[in-house]
Every structure is written in C-alpha cells, then in structure tokens.
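What follows is a single structure, written as structure tokens, with notes after it.
No value in this document is a laboratory result; all are computed from the given coordinates. On a predicted model such as this, the values are computed, not experimentally measured, just so you know. All Cβ positions, glycine included, derive from the backbone under ideal geometry; neighbour counts span all protein chains shown.
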Amino acid sequence: MIALLVVVADRLAKWLVATHIALHDSLVVIPGFFRLTHVQNRGAAFGLFDDTPGDWKLVMLILFSLVALTVVAVLLWKNSHVLSATGIGLSLVLGGALGNLWDRLMEKHVVDFLDFNLGTYHWPAFNVADSAIVIGAFLLVSELLFAKHAQEPAASSK
C-alpha cells in the first residue's frame, strides 16, 4: 500500500508540473531557497550521467531499475509484510523505483521539479520518487545500524 501511495503521489506531482510549468521554467515557493522547476532528467539520480550520449544509458538505467525492483520485492516478501522500519523503507524504495521506471519506460526521461538552494549552493532538482527512495534507504540503513545494537545487549544477557 505504501509503494502504491508513492507511485500515485509521484505520478500526480509529475503530471501537475508537466502540465502547469513549462520546461525549464520555475515557480518560486520560498525566495532564495525553494522553487518548483520543470526539468527532464535523462540520467540517473540527481542528474548523474544526464549529459552522457547514447541509448545504452537508458537501457542500463532500466535494467538497473528492474534488478533493484526484483531485489526489493524479494526482500519485502521475506519481511512477511510486517509494518516495521525495514518494511516501510523497502516499500518506499519500491514505490520510488517504480515511479521513476515508469517515466523512463514511457517518456525516456524522468521529470524532476523540487529545486533547492542554500545560499550559493544549488542542490540538483529531484522528485517525489527520489525522495521516497532516499527516505527508504535512510530507514533501512538506520535499521541496520541501530536495531542490531539494540538487540546485542538482550542477546548477551541470556
């Protein structure tokens, strides 16, 4: 259900941006900090490899997405659908990967629009799917780092 909500939110946000903001135009939300900017990312996350020419890049990104989706789906299945930090993290990653894969398959690019500046530093534009992937990965890493430490004292007290 979480993955489905991510996909729906991602599709809706990208549709709204693509239909209401012209390509490369911006809508200022918080001056000097946050704006909605319609960009098309033909590369990986945060525009990596965006300028790399060739159809191989799209094929590799799609194949990588399919492998990642398979791994995440298997891990979710093994997690027994338990509502835990791991289950939520995997669901967020799954939904985000599906949202961006949809764009790559249908449009050959991903619509990015969340555009932040902090002083003179500009963060590359991203989208709802990217956000879900990052938050999901953070939950998974946190679970690996902190859940293991929380279990060790209990195991040693036996």
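Here's how it looks for D25: its modeled amide H is under 5 Å from those of H38, which are all 5 or more places away or on a different chain.
Here the simple spin-label model places points 7 Å from the Cα toward Cβ, and for N79 and L144 these points are separated by 1.4 nm.
Our coupling estimate for the range 90-99, obtained by passing each phi through the Karplus curve with A = 6.51, B = -1.76, C = 1.60 and θ = phi - 60°, is 5, 5, 5, 5, 4, x, x, 5, 5, x Hz, Gly and Pro reported as x.
Distance from the alpha carbon centroid of the range 1-20 to that of the range 79-148 works out to 13 angstrom.
Scalar couplings 3J(HN,Hα) for the range 116-132, obtained by applying the Karplus form with A = 6.51, B = -1.76, C = 1.60 to θ = phi - 60°, are 10, 10, 10, x, 8, 7, 10, 7, x, 4, 9, 9, 4, 4, 4, 4, 4 Hz; x denotes Gly and Pro.
On a full-extension model of 0.36 nm per residue, what is the gain between A9 and V59, subtracting their alpha-carbon distance, rounded to one decimal in nm? Let's see the in-between values first.
Working: separation 50, 0.36 × 50 = 18.00 nm, distance 2.54 nm.
Fully extending the segment from A9 to V59 adds 15.5 nm.
The residues neighbouring N127, those whose beta-carbon lies less than 11 Å from its own, together hold a net charge of -3 under the Lys/Arg +1, Asp/Glu -1 convention.
Label zone of V134 (point 7 Å out along Cα→Cβ, amide N under 18 Å): in the range 106-125 this covers 110-125.
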